[in-house]
Amino acid sequence: MCLGIPGEVIEIMADRPDLAKVDVSGVKRAINIGLLADQEIGPGDWVLIHVGFALSKIDEEEAKAAMEFLESIGKAYEDEIAALKESQIL
C-alpha cells in the first residue's frame with residue numbers, strides 16, 4: 001500500500017530550491033517540492049508527501065487529521081514510517 005503522509009517543512013535547501021527538509025513524525029528527510037513550484041512553500045508549511053515528492057500544500061488541521069487516520073490503520077503506517085527512518089537526513 002502506498003500512502004500520502006503529511007510533513008512539516010523545516011527549511012528550503014539553499015543549494016537546491018526544489019528540495020525541502022521536512023519533518024514527518026520526527027523523521028527528517030529531503031523532499032522534492034518541484035511539483036509545487038507555483039505555490040509559496042516555506043518553513044512551517046505542511047505538505048502531503050508520496051514517494052519523496054510533495055504533492056500538495058495542506059493546512060495544519062488537515063495534516064493532523066491525516067496523521068490520526070494513518071495512525072489508526074496501523075501496520076501500513078508503521079511500514080511507511082520505518083521506510084522514512086531508513087532514509088533520514090540530519
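Here are the numbers for this structure:
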item	result
Of all residues in the range 77-90 being assigned to a loop (DSSP other than H, G, I, E, B) and of a type in the set (A, V, I, L, M), the one that is nearest to residue 29 (Cα to Cα)	89
Criterion violated by residue 83 - all others in (1) buried (at least 16 other Cβ atoms within 10 Å of the Cβ); (2) out of contact with any Lys or Arg (no Cβ under 8 Å at 6 or more places or on another chain) satisfied	(1)
Odd one out for residue 15 among (1) modelled with pLDDT under 95; (2) touching an Asp or Glu at 6+ places or on another chain (Cβ under 6 Å)	(2)
Residue in the range 34-43 that is under 26 Å from residue 73 (Cβ atoms) and within 12 Å of the chain's Cα centre (by Cα) present	no
Failed condition for residue 66, given (1) touching a residue at least 60 places away in the same chain (Cβ under 8 Å); (2) out of contact with any Gly (no Cβ under 9 Å at 6 or more places or on another chain)	(2)
One residue from 72, 87, 25, 56 being on the phi > 0 side of the Ramachandran plot and either out of contact with any helix residue (DSSP H, G or I) (no Cβ under 6 Å at 6 or more places or on another chain) or not acidic (Asp, Glu) (or both)	25
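The values are calculated or read from the model by the stated rules, or taken from the named source; none is laboratory data. Just so it is clear, the model here is predicted, and its values are computed rather than measured. For neighbour counting, all protein chains shown are included, and Cβ atoms are generated from backbone atoms with ideal geometry for every residue, glycine included.
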